[in-house]
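Here is the structure we will look at, set down as structure tokens.
The values are calculated or read from the model by the stated rules, or taken from the named source; none is laboratory data. What you are looking at is a predicted structure, and each value in this text was computed from that prediction instead of being measured. Note: ideal-geometry Cβ built from the backbone for every residue, glycine included; neighbour counts use all protein chains shown. Ligands, DNA and RNA are stripped out before the accessible areas are found, and what is left, the full protein with its side chains, is counted by its heavy atoms. Shrake-Rupley method; radii C 1.70, N 1.55, O 1.52, S 1.80 Å.
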Amino acid sequence: MNIDLNKINLGSIDGEKESSDENFDRLFYTKNSKYQEIMRPDKFIISGRKGTGKTILANYIIKDLSTQKKIITKIFTKNDFKLQKLIDLDYRSLKQDELTLFWKWFFLLQIAKSLTSGKSLKFKNPFLIETKLKKFLNTKYPDDVFKLIDFSQSRGTKSIVKSQYKNTSAQINGEAEDSYSKSENYGHKQYYENIVKLEELVFECLKKKHEVFFIFDDLDELDEELIEDTSYFKLIKSMLETTNDLNMKFQKINKKKSKIIVLLRSDILTEIHAHSSNSNKVVTLGETKLYWLEKRFTEPYEHALMDLILHKVRQSVNEYSGLSNEALYKKLFPKKIYGKEIIFHLLDYSFGRPRDIIRYLQLIIDNNPNEKFFDPQHFKDYAQDYSNWFYQELMNEISIRPNKNEIIDGLTLINNLKKPYMKYQQIEQYYETHKSDYPNIKNLKDVIKQLFRLGVIGNSWMHGKNQKGEPRYHYSWGYRDDSPKNPNFSQTFVIHYGLKKYFS
């Protein structure tokens, strides 16, 4: 039986939107074992390129843990961090020597708030540690709309003594005055003066019975303006060190289910290594990487990304639920395109991310809802629409980079060349001739390296011939783990297939 394509639910390209679906866990893909890996005690970083599924994995973890008793779960975003900074720092920037302190304060506060939320009746007993923690928070952050700015106190005394001796001729009228005044001014302590007390209360509270499992998302989009006399990468590095330290303290008090996990783009982790001499150990031991381009497959329907798609199809279409990967793949993708299996075509037109694959297939479904399979002609028909979307995704990824204007000028330069294949000398010659059109490019070779790592361009070279005697070409892309991170400037550069239609 063949079912209309519009009956298939591939989920959403927006991880947050997909995870808001009540039944999204049915579509969630667990075969790559990333869920089991991140739940190991030593793992606390979920990394991957934008669109690889970090947010979906985070929400799946939270949904799964929410079914267990006595585990408090929560997902934070950059807005939670920025709000706390505004409250405690009153619009000033973070200084380099307080980065670790403020991260520790932030995380301890989130734990404290979670442990003391709920009905106020629980906090009536003054001897309970929860009550003491609640009192600490209420003193630091009163519920009233007003807050203490200054407190002044003064005392004064005055006494008058009169005496008269009636039995003598002498009469004494005396007066004595004693006046004393004292003035005291009080203000709230700075957050760092309260860290020791807060940590003591939080861990005493945790020791009793609670478990906490927190996930910090959206870190990729923290504003660089948050910090002073340091860099964004040092801010993230200090956060990772603080998170790792707190996770180890959870283990020491036997809180085996308690953990703080952070979601980070893999390119940001790479940059952190460049700005630190000791970050590699923490990241290597703590990282769970979402990477979908491993070569451990022999048949097209065994590739991890195709396995993901077929899993979603089976979960959303009852009639297909009992079919094997091979049978379902042949039903949905029965024909090759340009002599290639569909999965290899999809890989050529993507960065090897679920988001790219789902978007291309969804375009076809939306425009051909009553078709029974994905015809090769469909991929050709919507290649332009997909390429436009693919370029915008790339621009979103670039937008948070500190040198984004330089990279955008590099993209414009490659676009203006209008060549699918080019030598570096051609790029350089064109740039020198039109240099004024690209004012943000400081070093052309550095920009080419950035474009290579992003996957905008790759290297191509001839590697023997096929059985027909035709030249066989190999390709190298900076976003792949099996490729070098810098291009070979002596080899030919090639535009990524997913961008060719946009650049044409």
>> Anything in segment 31-51 that is open to solvent by 60 Å² or more (accessible area, probe 1.4 Å) and under 17 Å from Trp292 (Cα atoms)? List them, or say none.
In response: Lys31, Gln36
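Matching residues to (1) farther than 22 Å from Ser266 by Cβ; (2) among the small types (Gly, Ala, Ser); (3) touching a Leu at 6+ places or on another chain (Cβ under 9 Å):
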{"position": "Phe28", "(1), (2), (3)": "no, no, yes"}
{"position": "Ser33", "(1), (2), (3)": "no, yes, no"}
{"position": "Glu37", "(1), (2), (3)": "no, no, no"}
{"position": "Lys54", "(1), (2), (3)": "no, no, yes"}
>> Going through Asp446, Asp385, Asp356 one at a time, which residue ends up being open to solvent by less than 40 Å² (accessible area, probe 1.4 Å) and outside any loop (DSSP other than H, G, I, E, B)?
In response: Asp356
> What number of residues within segment 359-368 satisfy the criterion of being open to solvent by 10 Å² or more (accessible area, probe 1.4 Å) and under 21 Å from Leu308 (Cα atoms)?
Replying inline: 4
>> Filter segment 455-470 down to the residues that are modelled with pLDDT under 95 and either open to solvent by 80 Å² or more (accessible area, probe 1.4 Å) or of a type in the set (A, V, I, L, M, F, W, C) (or both) and list them by number.
In response: Trp461, Met462, His463, Lys465, Gln467, Lys468, Glu470
> Are any residues in segment 198-212 of a type outside the set (Phe, Trp, Tyr) and surrounded by 13 or more Cβ atoms within 10 Å (Cβ to Cβ), and if so, which ones?
Replying inline: Leu198, Glu199, Glu200, Leu201, Val202, Glu204, Cys205, Leu206, His210, Glu211, Val212
>> From the list Thr288, Thr284, Thr298, exactly one residue is surrounded by fewer than 16 Cβ atoms within 10 Å (Cβ to Cβ) and under 24 Å from the mean Cα position of the chain (by Cα). Which is it?
In response: Thr284
> Of the residues in segment 320-378, how many are within 34 Å of the chain's Cα centre (by Cα) and of a type in the set (Asp, Glu)?
Replying inline: 4
> Residues in segment 8-28 that are open to solvent by 80 Å² or more (accessible area, probe 1.4 Å) and over 24 Å from Ser350 (Cβ atoms): how many?
Replying inline: 4
> Quick check, is Lys380 farther than 13 Å from Ile309 by Cα and part of a loop (DSSP other than H, G, I, E, B)?
Replying inline: no
> So, in segment 449-463, of the ones that are of a type in the set (Gly, Ala, Ser) and part of a strand (DSSP E or B), which residue ends up farthest from Ser266 (Cα to Cα)?
Replying inline: Ser460
> Which condition does Lys312 not pass, out of (1) of a type in the set (Lys, Arg); (2) part of a loop (DSSP other than H, G, I, E, B); (3) open to solvent by less than 40 Å² (accessible area, probe 1.4 Å), if it passes all the others?
Replying inline: (2)
